[in-house]
Each structure stands twice: as structure tokens, then as C-alpha cells.
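Presented below is the structure to which this report refers.
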Ligand SMILES: Cc1cc2nc3c(=O)[nH]c(=O)nc-3n(C[C@H](O)[C@H](O)[C@H](O)COP(=O)(O)OP(=O)(O)OC[C@H]3O[C@@H](n4cnc5c(N)ncnc54)[C@H](O)[C@@H]3O)c2cc1C
């Protein structure tokens with residue numbers, strides 16, 4: 001087996017991981033990112049999310065750092081929709097351009113190597129300290145040893161395999177998975193006129209906190225309930241009436257991204273038959289929804305499903321038990337943690353498992369919650385930091401902390417902390433928090 005030794009090994013180069021890799025490398029650590037997709041970015045790119053939600057508290061921008069650097073690059077390329085960048089909650093970006101941008105900025109870092117199409121097979125430990133990973137690229141195995149491993153797999157896969165404590169809600173309670181897709185060939189003016197004349201009855205599906213998305217740029221619509229009210233549907237398509245779906249415009253003319261919640265009682269961490277069923281079901285939902293748009297929404301007559309995401313959208317799976325678990329009360333009271341590494345302000349809460357609605361807890365405009373460094377440290381384990389949607393928090397905090405800007409913020413903090421730990425010869429648990437915060441602020445992170 002080939003072997004390699006680095007300072008920082010990033011497991012999963014997705015939304016959080018790619019930023020973690022950049023931050024570690026820019027801070028002088030020899031870094032490798034491994035990801036099983038063919039591109040960097042995870043849900044941000046291959047998952048085809050397209051709506052980057054969580055940049056402001058509706059009054060001020062609360063996210064800076066590398067996430068903001070990316071926003072500026074999208075702007076230069078005309079690959080983003082925005083209204084007022086300093087207060088927009090969300091940016092709609094081109095997920096394909098995003099793939100190229102991530103390649104460009106990672107390849108500029110001399111300390112950073114990215115192994116794509118590479119799967120994590122096993123975790124190497126010395127007692128309770130994670131010291132590396134075994135990874136598989138094509139038919140070749142490699143053992144990569146590292147001083148710090150960052151688990152940004154979305155599923156806390158490394159922490160789980162290392163035997164760290166975690167929690168995961170039961171299948172009946174977990175948020176639904178959703179396969180994203182894209183439609184082209186839409187007459188947007190006609191669609192807009194249609195919705196102006198027939199305002200959607202949002203309140204049946206969407207919680208009030210989301211109605212008032214004045215800062216949501218572009219065009220956004222929820223569900224098909226109104227259009228299907230008087231339509232007879234075959235039994236297998238009845239679910240379309242209750243579909244909590246969203247479509248958002250993209251930076252490209254006549255194109256929308258479809259976020260189509262299909263409900264299936266499964267854990268995304270299950271493989272083989274279960275995974276196959278999840279993939280098949282969510283793809284069928286996406287196709288049904290696209291066909292229904294064509295049939296029932298004026299302006300979509302000549303539209304077509306132009307792309308299906310390469311990566312199934314997983315909202316929720318394992319969450320580690322960290323040195324600190326962020327609580328709903330922390331969110332509701334907009335708590336200021338001393339070890340803050342960044343902020344989030346999107347309504348907390350979750351999609352209900354049936355995919356029909358959402359429950360939310362909202363903050364006042366101008367308020368935000370801080371994210372503590374300790375929620376990225378798996379209890380009882382050393383040599384490992386976790387970043388992204390699988391950090392430690394109570395389930396109802398999910399919809400705030402799992403947003404892409406917040407995952408990026410955690411990635412930047414994890415990468416920076418890992419590099420500091422390596423440089424100072426300390427464990428990630430013993431990183432000097434003031435030094436970490438000073439470094440982040442010097443890199444325009446908003447604490
Ligand atoms: C349907 C849906 C809609 C959403 N809508 C929005 C939205 O509108 N706005 C918003 O901001 N957020 C949204 N989110 C949330 C957001 O997209 C995710 O929470 C966030 O992107 C997760 O980032 P992450 O880095 O934790 O995981 P990911 O971005 O998924 O990255 C994990 C990476 O790890 C890699 N990986 C996993 N296992 C292995 C392995 N064994 N070997 C190698 N690599 C591995 C994966 O390939 C992936 O690239 C949505 C999520 C979903 C599912």
C-alpha cells in the first residue's frame with residue numbers, strides 16, 4: 001500500500017471541507033483533501049443546491065472569510081444573483097461555475113493537494129487519537145497519516161468509524177432527503193405574470209418566517225398545491241399536492257433549480273438496497289415534479305429537466321456529541337459564546353419527515369447566534385475536528401447551523417485551528433482560542 005504523511009487531512013471536500021482545506025493550507029499546513037465525488041464542493045456543487053442561504057441577519061452581513069471571497073469571485077463571473085450583498089440572506093449562484101472556481105482557488109495553493117474520486121475506507125487510530133485514513137482511488141489503496149484529521153464528510157463518518165459518540169434521529173423523525181434538479185427553457189416573464197395574477201397560497205405549506213424573504217433575490221416559489229387543487233391525479237402522484245417544493249431562479253436565463261422534497265423513511269447512512277431505494281425514489285419525485293410544472297404552470301410549457309444532481313441531498317444524519325452541544329435555547333437567545341468562530345441567523349427548526357412542511361424558530365432582524373469552537377470537537381477523541389452539518393447540536397438547531405455559509409464558516413475555523421495546532425505542537429483541543437479568533441478576524445471572518 002502507498003503511504004503519505006501530511007499535517008492536515010481533510011476527509012470530504014464538500015461545502016465545509018473544501019474551505020477547511022484552503023484555510024489549513026493558507027496557514028502553512030501541508031494539506032490533503034479526499035473526496036469521493038469527481039469535483040470539490042459536495043452539496044454546494046454536486047448536490048446542486050444553488051441557494052446559498054445564511055449570509056445576513058436581515059440587517060447586516062454576518063459571514064465573511066473564504067465564503068465571502070467566493071461570493072466576490074462569483075460576482076466577477078456574473079454567476080450570482082443578488083440584490084443588496086450587505087443584507088441579502090441568500091445568494092443564488094451557478095453550481096457548475098462553482099465547480100470550476102473551487103478547482104481554480106484550490107490549485108493556487110502550493111500546500112494543498114486534492115484527491116478526487118477517492119473514498120475513505122478506514123480510520124487509523126493510536127488509542128483515542130485519530131492519526132490517519134486509508135483511502136481508495138480506483139483500485140489503489142493509500143494510507144495517509146496526519147497530525148490532524150478534519151471530518152467534513154457530512155455524516156461524521158471518520159468520527160463514527162473511530163468510535164466517537166454521536167446521535168442520529170430515528171427514521172420517522174429525520175428530515176427528508178431531496179434530490180435537486182434543474183429545469184431550462186422556461187418563459188420567466190410568463191411565469192412571473194402568472195404568479196402576480198395568482199399569488200401562491202404560501203401559508204398552507206411554508207412557515208411565516210419564510211414568507212417575508214424580502215432579501216431573497218431572484219425568484220422563488222413553493223409547491224404546486226394551488227395549481228393541482230382541481231386536478232384529478234392518479235393515486236401514485238397524489239403526494240404532489242402536498243409537495244413542499246421550492247424553485248429558485250439561477251443566474252442563467254430561463255433556468256430554475258428545483259428543490260423537491262420526497263419523503264422516504266430511511267437513514268442516508270444506510271447502504272446497498274436502502275441507498276438504491278432512496279436514489280430511485282428521489283429521482284422519480286424529481287421527474288414527477290418537473291412534469292407537473294410543465295403541465296400545470298404557465299411559462300413551463302416548453303421547459304425540460306436539464307440536469308439531475310450527482311449527489312443526493314441529505315439534510316440530516318449523524319451529529320457528533322461534542323465538547324459542547326449547541327442548544328435551541330442558545331439559538332433562541334442569540335447566545336454569544338466566548339469561543340465563537342462565526343455566526344448563523346437563519347430560522348432554526350427542520351423540515352418535517354413527510355416533506356410537507358417545516359417548523360421554525362426565528363430571531364429578530366439584527367440578531368444572530370454564534371457558533372462555538374467546542375461543537376466541532378468530538379468528546380473523548382483527539383487528533384480530529386468535525387466541520388459541517390454533522391457537528392454537535394440539538395436537532396431543532398439544524399436549519400440554522402447546516403446552511404452552506406455556516407458550514408463554510410466552520411470549515412474555515414477547523415482548517416485554521418488545525419494549522420495552528422500543527423504549528424504550535426498542541427492538540428486541537430488545546431488550541432489557543434484567542435489566537436484562533438485573531439487569525440480568523442485577520443482573514444475577514446465575522447465572529
Ligand atoms: C435538499 C437540500 C436543500 C438545502 N437547501 C439549502 C439552501 O437552500 N441553502 C443553504 O445554504 N443550504 C441548504 N442546504 C444545506 C446544505 O446544503 C448542507 O447542509 C451543507 O452543504 C452540508 O455541507 P457539508 O460540508 O457538511 O457536507 P457536504 O457538502 O455534503 O460535503 C460532504 C463531502 O464529503 C464527501 N464524502 C462523504 N463520504 C465520503 C467518503 N466515504 N469518502 C470520501 N468522501 C466522502 C462527499 O462526497 C461530500 O463532498 C440544503 C440541503 C439539502 C440536502
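No lab work stands behind these numbers, since they all come straight from the coordinates. All values derive from a computational prediction rather than experimental measurement. In this analysis, Cβ positions are derived from the backbone assuming ideal geometry, glycine residues included, and neighbour counts consider all displayed protein chains.
General remarks:
- Among 341, 120, a tally of other beta-carbon atoms within 10 Å of each Cβ gives an order, fewest to most, of 120, 341.
- Short-range pairs are left out: with C-alpha atoms under 8 Å and at least six residues apart, the relative contact order of the chain is 25 percent.
- Across 346, 188, 48, mean-square fluctuation computed from a Gaussian network of the chain (C-alpha pairs under 10 Å connected) peaks at 188.
- Extension gain (nm, one decimal) between residue 197 and residue 427, 0.36 nm per residue minus Cα-Cα: 76.8 nm
- Residue order for 323, 189, fewest other beta carbons within 10 angstrom first, comes to 189, 323.
- Taking the longest Cα principal axis of the chain as reference, the axis of helix 272-296 is set at about 40 degrees.
- Using alpha-carbon coordinates, inclination of helix 95-107 to the longest axis of the chain, degrees: 20
- GNM top mover of 176, 235, 353 - the chain, alpha-carbon springs below 10 Å: 235
- Of the residues 381, 147, 161, 284, the one with the fewest other Cβ atoms within 10 Å heads the list, and the complete ranking is 284, 161, 147, 381.
- Here the chain is treated as an ellipsoid with the same Cα gyration tensor; its semi-axes, largest first and in whole Å, are 36, 23, 21.
- By definition, a body whose alpha carbon gyration tensor gives a ≥ b ≥ c is oblate when a/c is 1.5 or more and a/b is not larger than b/c, and the stretch 125-182 fits this oblate description.
- Using just its DSSP H runs of length 4 or more, each adding -39500 (n - 2.57), the chain gives a mean residue ellipticity at 222 nm of -8500 deg cm²/dmol after division by all residues.
- Taking a ≥ b ≥ c as the square roots of the eigenvalues of the alpha carbon gyration tensor, the stretch 301-447 is prolate, as a/c is not under 1.5 and a/b beats b/c.
- Among 91, 55, 281, the largest mean-square fluctuation in a Gaussian network model of the chain (Cα springs under 10 Å) belongs to 281.
- Classification of the stretch 267-347 by its C-alpha gyration tensor yields an oblate form. The axis ratio a/c (a ≥ b ≥ c) is 1.5 or more, and b/c is at least a/b.
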